[in-house]
1. Would you mind stating whether Lys223 is modelled with pLDDT of 90 or more, part of a helix (DSSP H, G or I) and basic (Lys, Arg)?
2. Scan segment 102-109 and tell me whether some residue there is open to solvent by less than 50 Å² (accessible area, probe 1.4 Å) and under 18 Å from the mean Cα position of the chain (by Cα).
3. Of all residues in segment 231-245 being of a type in the set (D, E, K, R) and assigned to a loop (DSSP other than H, G, I, E, B), which is modelled with the highest pLDDT?
4. Quick one: is Thr189 more than 17 Å from the chain's Cα centre (by Cα), in a helix (DSSP H, G or I) and within 19 Å of Leu241 (Cβ to Cβ)?
5. Can you tell me which residues in segment 129-160 are over 21 Å from Asp235 (Cβ atoms), open to solvent by 10 Å² or more (accessible area, probe 1.4 Å) and assigned to a loop (DSSP other than H, G, I, E, B)?
6. Take the residues in segment 189-216 that are among the hydrophobic types (A, V, I, L, M, F, W, C) and touching a strand residue (DSSP E or B) at 6+ places or on another chain (Cβ under 8 Å), then tell me which one is farthest from Thr139 (Cα to Cα).
7. Give me a count of the residues in segment 313-340 that are among the aromatic types (Phe, Trp, Tyr) and open to solvent by 90 Å² or more (accessible area, probe 1.4 Å).
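The values are calculated or read from the model by the stated rules, or taken from the named source; none is laboratory data. As the structure is a computational prediction, the values presented were derived from the model and not from experiment. In this analysis, Cβ positions are derived from the backbone assuming ideal geometry, glycine residues included, and neighbour counts consider all displayed protein chains. Surface accessibility is based on the protein's heavy atoms, side chains included, excluding ligands, DNA and RNA. Shrake-Rupley method; radii C 1.70, N 1.55, O 1.52, S 1.80 Å.
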Amino acid sequence: MVYDEKFILDEVNSIRREIGHDEVSIYIEETYFNKDTNELWIITEDRPDKSAIIGKGGWVVGKLREKLNLESIHVESYGDFLQKEYKLRLSKRTVENLDLNLVGIDNLKKIIKDKLDNIYSFNYENYLKNNEFNESKNTEAVVALSGGVDSSFSLILAKALGFNPIAITIDPGTIILPNQYKQNIKMITEKLNVPHEYLKANYQDVITESLTGKLHPCGRCSKNTGEIAKQYAKDNEIPILIFGDMLATGTQCINKQDDSLYRLNLPASLSTGKQEIKSLIRNYDLKEFKGFGCPLLYEVHRKYPHIKKYSIQRILRETRSSALEPGEALDLIWSFYKTK
């Protein structure tokens, strides 16, 4: 079957007529079909074309997938790929200019290049199945692991790319790190056979000031966690500290902390979106949590509703960077207004 632009346009309009939608003129930049995975990528010229193919509530693309008997259909706009490609090229230049002779960094250079070469159809699961990387004999990276999707993705990738990582979790207590996250941490570290260590920390000042409405907890919490993780890496003479940051893309994907330590924002270095992350970690049976999953944050929201705006600002930053799709952002924002 040839899924060219005319075929897709005819099928989409046929489905739109069936469900009572108006016919549309859709401009498609490119289509790509992977027969091995039975997946179709439709790259539209702009977001309105993407919306027309997806349809209200995803009805059109859902019926198109059923009609063509495909495993999945991915609809993306060309403009989004241009932005992703630009960020990846900046990451490639940044990582290639590093004066680091490390197995994991060499493998990171390769995956950035390969993602650039296959930007429309790159799939982490398939890529890691079909590519094997040498692993360093020495531990090259510490991964800050919270048990959430972004840090779990970072650990999976750090292991696959041969960093021979150690995972650490900063534990300020269950008001910030609930026990269900510890279940995820246990599952992922055991499945990957990665050593893991909890680092007890006293965040009482952060908790007290947050619960009295003096500050939004996320910024201070993130800063404290970063400092503790940084000190652990330095004490153990490990050259790379990996975080699941999705925003520090391009030239900021890796930066020098001091003479002996670099911080690598692994998902950001590959311009990874949230759906890509969820697609990979789905194979590791980890529990997914709605919203941010921090009990302290939700208690602060309950007591001081005006603080929600700072959480929403954080979500909008990720949306502007294309790390989050608008629908994902809406779900996160809506979670702040549901009864806990």
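1. Working: modelled with pLDDT of 90 or more: yes; part of a helix (DSSP H, G or I): yes; basic (Lys, Arg): yes.
Criteria met by Lys223.
2. yes
3. Initially, segment 231-245 is screened for residues of a type in the set (D, E, K, R), giving 234-235, 237, 245.
Okay, now just the ones that are also assigned to a loop (DSSP other than H, G, I, E, B), so 237, 245.
On the way: Glu237: 95, Asp245: 91.
For segment 231-245, the residue satisfying everything is Glu237.
4. Numbers: more than 17 Å from the chain's Cα centre (by Cα): yes; in a helix (DSSP H, G or I): yes; within 19 Å of Leu241 (Cβ to Cβ): yes.
The answer is yes for Thr189.
5. Selection gives Asn131, Glu132, Phe133, Asn134, Glu135, Gly148.
6. Our first condition is that a residue be among the hydrophobic types (A, V, I, L, M, F, W, C); within segment 189-216, this holds for 192, 194, 199, 201, 206-207, 211, 215.
Okay, now just the ones that are also touching a strand residue (DSSP E or B) at 6+ places or on another chain (Cβ under 8 Å), so 194, 199, 201.
Details: Val194: 11, Leu199: 18, Ala201: 24 Å.
Ranking the candidates gives Ala201 first.
7. Of the residues in segment 313-340, the ones among the aromatic types (Phe, Trp, Tyr) are 334, 336-337.
Keeping just the survivors that are open to solvent by 90 Å² or more (accessible area, probe 1.4 Å) gives 334, 337.
Number satisfying all stated conditions: 2.
Residue-by-condition table, conditions (1) farther than 19 Å from Leu70 by Cα; (2) touching a residue at least 24 places away in the same chain (Cβ under 8 Å); (3) of a type in the set (Gly, Ala, Ser); (4) surrounded by 15 or more Cβ atoms within 10 Å (Cβ to Cβ):
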position	(1), (2), (3), (4)
Asp10	no, no, no, no
Asn13	no, no, no, yes
Glu18	yes, yes, no, no
Glu23	yes, no, no, no
Glu39	no, yes, no, yes
Ile43	no, yes, no, yes
Pro48	yes, no, no, no
Ile53	no, yes, no, yes
Trp59	no, yes, no, yes
